[in-house]
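Below: one structure, written as structure tokens.
The values are calculated or read from the model by the stated rules, or taken from the named source; none is laboratory data. What you are looking at is a predicted structure, and each value in this text was computed from that prediction instead of being measured. Heads up, the Cβs are rebuilt from the backbone with ideal geometry, glycines too, and the neighbour counts pull from every protein chain shown.
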Amino acid sequence: MLLALAGVTGVGKSYYKDKLVENLGFEKIKIITTRKPRIGEKNNDDKIFVTVNELQDLRDKNQIAYEFDLLGNTYAYTYEALNSNKNTVFELHYDTIFDFKKVCPHLCAIYIFPNDIYIAKAKTHERHLDFKVEHDRLLEIDEHYRRIKSDENLRNMFDYTIYNNYDKDSEDELINLVNRLINKN
């Protein structure tokens, strides 16, 4: 199963991804990015940090299945990662869902709504990002939230929707949903 988690910055996508790995044996798909690592991030853990030239080399070798730009950096996924026979999980930027469903029709996408947008913003603030990066992320949260709430076609691209109350019940809801999906296949 290829599983994508989407939602605003600070909603818990990384946390839930780790819980799916821990509780259900999923493997993380590592996104390739030209973004510089943040403090505490390790290359080849959740992300593969590359230079623009290294990314171009992967393109030239026809290894990139999908890529997009976000906040001045490029992010990409390989064909190999997106077509694994294993249960895999990754974070999906909401705005890429239309194209992603074309590239990966077998994708199962879960959208995670924050029950309180201010908690998502506080979680973003806790990351101690550079002032400009944090400012841009907070603006993107507002834009993203407005768009997902008002665009029914966008919401309908996601197979499932859950709400994060930032508690154990929300975590259990996601784990139980994904467990049912695994058992269906």
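Between residues in region 15-27 that are acidic (Asp, Glu) and residues that are assigned to a helix (DSSP H, G or I), which pairs lie under 9 Å by C-beta distance while being six or more apart or on different chains?
As it stands, the answer is Glu27/Val21, since those pairs meet every condition given.
Among the listed residues Ser84, Ser170, identify the single one that is over 22 Å from Ile31 (Cα atoms) and within 18 Å of the chain's Cα centre (by Cα). If you could, list the steps in order and put the result at the bottom.
Working: Ser84 fails: over 22 Å from Ile31 (Cα atoms).
After applying the criteria, what remains is Ser170.
Among what's in region 29-48 and is surrounded by 11 or more Cβ atoms within 10 Å (Cβ to Cβ) and among the basic types (Lys, Arg), pick the residue that is nearest to Leu3 (Cα to Cα).
From region 29-48, those surrounded by 11 or more Cβ atoms within 10 Å (Cβ to Cβ) are 29-35, 37-38, 41, 43, 45-48; that's our starting set.
Within this subset, residues satisfying the condition of being among the basic types (Lys, Arg) are 30, 35, 38, 47.
Numbers: Lys30: 13, Arg35: 23, Arg38: 25, Lys47: 17 Å.
Among those that are surrounded by 11 or more Cβ atoms within 10 Å (Cβ to Cβ) and among the basic types (Lys, Arg), it is Lys30.
Filter region 38-63 for residues that are modelled with pLDDT under 95 and more than 23 Å from Thr88 (Cα to Cα) and give the result.
Initial filter on region 38-63 (modelled with pLDDT under 95): 38-47.
Correct list: Arg38, Ile39, Gly40.
What strands (runs of 3 or more DSSP E) completely inside region 41-137 contain at least 2 residues that are in contact (Cβ under 8 Å) with a residue 60 or more places away in the chain and in contact with an Asp or Glu (Cβ under 6 Å, 6 or more places away or on another chain)?
Details: elements: 47-49, 64-70, 73-78, 88-91, 108-114.
The strands (runs of 3 or more DSSP E) meeting that bar are 108-114.
Which one of Val133, Val178 is over 25 Å from Thr34 (Cβ atoms) and out of contact with any Gly (no Cβ under 9 Å at 6 or more places or on another chain)? It would help to see each step written out before you state the result.
On the way: Val133 fails: over 25 Å from Thr34 (Cβ atoms).
Of the residues listed, the single one that is over 25 Å from Thr34 (Cβ atoms) and out of contact with any Gly (no Cβ under 9 Å at 6 or more places or on another chain) is Val178.
When you go through His93, His135 one by one, which is the residue that is farther than 20 Å from Ile48 by Cβ and assigned by TED's automatic domain parsing to the domain that holds Arg155?
Values: His93 fails: farther than 20 Å from Ile48 by Cβ.
Matching residue, one of His93, His135: His135.
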